[in-house]
Amino acid sequence: MLKYFRWIFRYYRTHRLHTVFLALLTLISATVALAFPLVFRYLLDNVQEVLAPGSEDRFLKLLLALGAVGFARMVAGFYPGARAWLNSKIGMEVRDDAFGEILKKDYRFFSKFGPGDLSTRLTDDIVEYPRIAWFSCSGIFRAVESASRLVFCLGVMVFMSAELTLLSLVPLPIMLWIFYRTERKLGKRVEESRKATSSTSDLLDSTFAGIAIIKAYRAEKGQSGRLRRLLDSRLAIDLSITKLVMVIESLYSVLGEVGKVTVLFLGGLFVIRDRISIGDLYAFYVYLDMLLAPMIDIPNLFVTSKQAFASIDRVREVMDFPPAPERSGVRKLGSVDSVEFRNAGFRYPGCDAGVIGVTGRFESPMTVAVVGEVGSGKSTLVKMLSGQLPCTEGDILVNGIPLMEVDPSDLSLVTGYVPQESSLFSDSVGENVRLGRGMEDQTVERALALADLPAGDLPEGLETKLGQGGSGVSGGQKQRVAIARALAGDPGLCLFDDCTAALDADLEQRLWDGLRAEGGRRLIFVVTHREATVRQSDLVIFLHRGILNAIGTHEELLRTNEVYRLVLATEMS
Amino acid sequence: MHYDDDFMDDDDHPQRRYPLRVLWRGLKPIAGPHAGAFALAAGLLLIGIAGELCGPLILRQMIDEAIPSRSAGRVAALAGLYAAVFMTTMTVFYTQVIVTTKLGLLIVRDLKGKVFEHMLSLSQSFFDSFPSGKLMARVESDCERVRMLFSETSMAILRSIMLMTGTIGIMAVTNLRITGFVMLLVLPVTLATIPVLRLMRKLWAQVRASYSRISGLVAEYVRAVPVLQVFNATGVAAGKLTSEGRRFLGLEVKASIWEYGFWGFLGSCEVAAVAVILTAGRGGVVAGTITVGSVVLFIEYTRRLFMPIVMFSETLNQVQRALASADRINSILSTETCTPDGDLGEEDFPEDWEEIRFEDVWFRYGRAEWALKGVSLVIARRSLVALVGASGGGKSTIVSLLMRFYEPTGGRITIGGIDIRRFRLDVWRRRLGLVLQNVSLFSGTLSENLTVFDSSVPARRQIESLRTIEAEDLLERIPGGLSGEISEGGQNLSMGERQLINFARAVLHRPEILILDEATSSVDPGTEKRIQKAMDMLFEGRTALVVAHRLTTVRNADRIYVIQAGQVVETGTHLELLECGGVYAGLCRLQLVPEAVNA
């Protein structure tokens, strides 16, 4: 348990001033809580003196005291705000740290953690109540405040009358125990309710998204019926939740009122017997009121801490996962003259998938088609070339230098990569093409033109905004932006991973024509299903069942390789 | 926290189209039957509030009479009375909340059911105008707000009014003068809260929007880290996230200052009120015109006055939002479908029809460009007709019109000489089997996806439909077979498997007329061949309209229509069109299918 607090306190270090300020406010808040009833105690006990004519200065002093309390209250009002601010600051820092760590990971990490899961860990796990952000500051400070409030108030109450304090607190432990039992039951029902709501959302979403099928197959009545049945079950669950919540709230009230009734009854008796004053009675009455919240808050800390610690575990799991091995390469490339595979291979840990036995040398300028049936290892090969996957056996050499020894940022400069899913971002088209490289508009426009998507065709040219994940434009346009992004840096090594599936055949043809016309000196590797593209390549890497089968020209392979002919007949279009 | 209130976004400036009268008329049939429960809840609330107001009165008695009288019996009696009042109040409130909640839940269940049912009766053009997310918000969030309007919100308003009236009333009866002074403080504060709360709502909406952007960034970056690494652009992503995070903090600080400043200010107002009471009551206590107990009474009541006042403001805002929701619901309930049922039924259907004809059909979506300009085509019974052409040329539109998802703007579509608009929708659609490009699978079992939630279809027939297209292996591949779960959108299956299920679904419904809209363009070539084989078997004896993107599937068509820019530009068989060397021939050449060119 201590390790969680240690992890959180590390974040306090950068906010020392803020933390001290909060500690101060905690003190003020607890003191204000104390002071208010004491002022009244004084008033009630000294009614005649204070309110008599001629005692103006006494009365004024009282008003001043009230003024001070009022002002302190205003200041203390900012206390939760100051907590919320530190909550958010810490939350942001945790997110930035975790994201920074994720950026350093490699394929082993991403095959273990899906994007949805990672998103949740970086958002909900941090920001939702009562997770990391809330707990790191509010959770801890509220508990401290509650504890100090409790101690101070109880202290004063005991000072006024130890017996009355004890007597008014006696029924409370029993009540608290009932309270916590009911809360746990509530937790279970709330989970059920969330599931039911989630099912309703699923039903609605899939109905609307698939409305054509629903209408085509006359399923409207059926869906209405299904919704009604779901709503009926939600009604039952929600009603039972309300009942439970009301029981809890009532218990809460009873907790408070039982104390108050005891005070009124016993306290009244005590006053009659002159053991306490009327002022004391009223003060007790108000203190008991104030004590309830802290008494629920402190045990609440244990409940919320469990959830917060679970989230901390989830975030640390991501952060502590071993990062990609340091590519300490410092060799620079300049231009790309050749790529050589020496029995290169990659296998995913613990299974047969991947590709092995690739040997061959390719010199720029050249277009190399990578061909094979689904699952033969084509994408894997391209990912190895881009540096995303390491060689678990053999080597890949660029200009005679092993890939691992090349300075990674240098490799980025000469590589143009188009992934299978375009991977665009919610930004302008121009920024997507630039991707942080300081390029002029002219360069961006030229790249787009090469990719057959002239800026003029877009509604707002380079400033056209893409939605989340690059939405808002057609699949074909997305691919073309991704292609422009790859070509914008004038790369010597181009890697196209099956990215032309969303393009019409004629569009793809225009791309190759454009590249050829532009005349750059490039070494292009393209994974393709289109026979037209294979025909136009200089060489073909033919992969079959995860192993290199052959390398040669398309005509050679057609003539001599039976498997090639077969695969072409079934796989290509 | 404020972050997950995302149904509040829509309406910081609620637009209202319908006057209250009309809204009430629309909601009355659903809310009306519950009027009795509502009255009961209101009555209970009144009793409860009365009980709540008793507390300080008993305290006053205690301070002014019971204790000075030194009578233990009196003290005991008062304490007992307090306990009794408290228990009664608690029971009454408990019952009131249960009654109110139940009333709300019943209303919302009926309302959601009604809205959903009505939506489903509307035509495709309605669904084109609203993304699924917005429609869901109408059914869920908007209906929930209307529920709250009739339950919690109404009760909160009543509670505030009753509490304020009761509190001020008792104070006024006790001592008018002090009450006057207290009101002098309370009233301006109340009025001030309205614009402040409005500002706070706006600020928090900005905070929520910023957080939403952060979530969006995280989601898309996390998905694309390897690509970012290849482009050495990880720093760009991290920088963007950090700067958006800073922006969020700035917005949140601003909103917090207002929020907590406001509550702090209210806290000090309470103290100020006490000072006012003391000053105003000073003379009275000395002169004996007001007791100490009464002063305490005033203090206790004033402490409880501020909350209802602030809550009242906030509640009014909720009422506004709820009315905006009711407005939106009403606009949906009063929308009519564009493709109404005709009056001809099963018995009037021309069983011996020979042709389906498109007769000079013109169509456009709303005021957009014409999608179809005078399209005329003939689909002969038991023939296979293919539509080809570049994407966006109008092929999918033709299919949608045949399905009667839309009405032709001009011209008509007939079967056996009768306009299809004359038939009841279910009569017409029963004869069609649709397979779509955007593969539409529902989260549910395989069986539910095949039967589209018709539980009356026997398993035998479902298995048979899979067998017809040689896809029985799906029963093994999917854990659980027919009862196997298919996740949302079919994520746990491959593209090919999803297409096969869609296909089996069409087969299961034994249509006379098959419609396949680009069914094979999103599948890898291996599975495509498999589906094509199944299609051939299926077309046997049926009429089929295929929207083809790949020419290889179309070689066997009895007739091909080439659609370009909303018009039929060429028609004929595959060989005829090749020979004539026009658009079709050009499309073929690009695909470089050697057998086709040489045939």
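The values are calculated or read from the model by the stated rules, or taken from the named source; none is laboratory data. Computed from a predicted model, the values in this text were never measured in an experiment. Please note: Cβ atoms are built from the backbone with ideal geometry, for glycine as well, and neighbour counts cover all protein chains shown. To get the accessible areas, we keep the full protein, side chains included, count just its heavy atoms, and leave off ligands, DNA and RNA. Shrake-Rupley method; radii C 1.70, N 1.55, O 1.52, S 1.80 Å.
Below are the figures for this structure:
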| item | result |
| --- | --- |
| Top-ranked residue in the stretch B:456-488 [being part of a loop (DSSP other than H, G, I, E, B) and either among the basic types (Lys, Arg) or open to solvent by 30 Å² or more (accessible area, probe 1.4 Å) (or both); ranked as modelled with the highest pLDDT] | B:PRO458 |
| Residue that is farthest from the other protein chains (Cβ to nearest Cβ), among those in the stretch B:113-133 that are more than 20 Å from B:PRO29 (Cβ to Cβ), open to solvent by less than 30 Å² (accessible area, probe 1.4 Å) and of a type in the set (A, V, I, L, M, F, W, C) | B:PHE126 |
| Qualifying residues in the stretch B:311-322 (those that are aliphatic (A, V, I, L, M) and surrounded by fewer than 19 Cβ atoms within 10 Å (Cβ to Cβ)) - the one nearest to the chain's Cα centre (by Cα) | B:VAL319 |
| Flag for A:ALA505 being surrounded by 23 or more Cβ atoms within 10 Å (Cβ to Cβ) and within 42 Å of the chain's Cα centre (by Cα) | no |
| Residues satisfying the stated conditions in the stretch A:82-118, i.e. at pLDDT below 85 and of a type outside the set (Asp, Glu) | A:SER111, A:LYS112, A:PHE113, A:GLY114, A:PRO115, A:GLY116 |
| Test: B:THR165 is more than 14 Å from chain A (Cβ to nearest Cβ), free of Cβ contacts under 8 Å to residues at least 24 places away in the same chain and open to solvent by 60 Å² or more (accessible area, probe 1.4 Å) | yes |
| The stretch B:352-398: number of residues that are of a type in the set (Val, Ile, Thr) and assigned to a loop (DSSP other than H, G, I, E, B) | 0 |
| Of all residues making up the stretch B:212-255, the number that are more than 7 Å from chain A (Cβ to nearest Cβ), free of Cβ contacts under 8 Å to residues at least 12 places away in the same chain and within 21 Å of A:GLY81 (Cβ to Cβ) | 2 |
| Filtered residue count, the stretch A:328-350, keeping only those that are open to solvent by 60 Å² or more (accessible area, probe 1.4 Å) and either within 39 Å of the chain's Cα centre (by Cα) or over 17 Å from A:VAL398 (Cα atoms) (or both) | 9 |
| Single residue of the stretch B:134-148 satisfying the filter (closer than 24 Å to B:THR339 by Cβ and facing chain A (nearest Cβ under 8 Å)) that is most open to solvent (accessible area, probe 1.4 Å) | B:MET136 |
| When residues of the stretch A:413-446 are limited to those that are hydroxyl-bearing (Ser, Thr, Tyr) and surrounded by fewer than 21 Cβ atoms within 10 Å (Cβ to Cβ), the one farthest from the other protein chains (Cβ to nearest Cβ) | A:THR443 |
| Members of the stretch A:397-409 that are modelled with pLDDT of 90 or more and either within 18 Å of A:ASN549 (Cα to Cα) or surrounded by 21 or more Cβ atoms within 10 Å (Cβ to Cβ) (or both) | A:VAL398 |
| Those helices (runs of 4 or more DSSP H) lying entirely in the stretch A:471-565 with at least 2 residues touching a residue at least 40 places away in the same chain (Cβ under 8 Å), within 13 Å of chain B (Cβ to nearest Cβ) and in contact with a Cys (Cβ under 7 Å, 6 or more places away or on another chain) | A:475-487 |
| Any chance B:ILE418 is aliphatic (A, V, I, L, M) and either at pLDDT below 90 or within 26 Å of B:PHE127 (Cβ to Cβ) (or both) | no |
| Residues satisfying the stated conditions in the stretch B:78-104, i.e. at pLDDT 90 or above and not aliphatic (A, V, I, L, M) | B:THR88, B:THR89, B:THR91, B:PHE93, B:TYR94, B:THR95, B:GLN96, B:THR100, B:THR101, B:LYS102, B:GLY104 |
| Flag for A:SER573 being touching a Pro at 6+ places or on another chain (Cβ under 7 Å) and either at pLDDT 85 or above or surrounded by fewer than 19 Cβ atoms within 10 Å (Cβ to Cβ) (or both) | yes |
| Residues within the stretch B:370-419 that are touching a Gly at 6+ places or on another chain (Cβ under 9 Å) and crowded, with 20+ Cβ neighbours inside 10 Å, tallied | 8 |
| The lone exception for A:VAL263 - which of (1) more than 17 Å from B:SER69 (Cβ to Cβ); (2) at the interface with chain B (Cβ under 8 Å from one of its Cβ atoms) it fails | (2) |
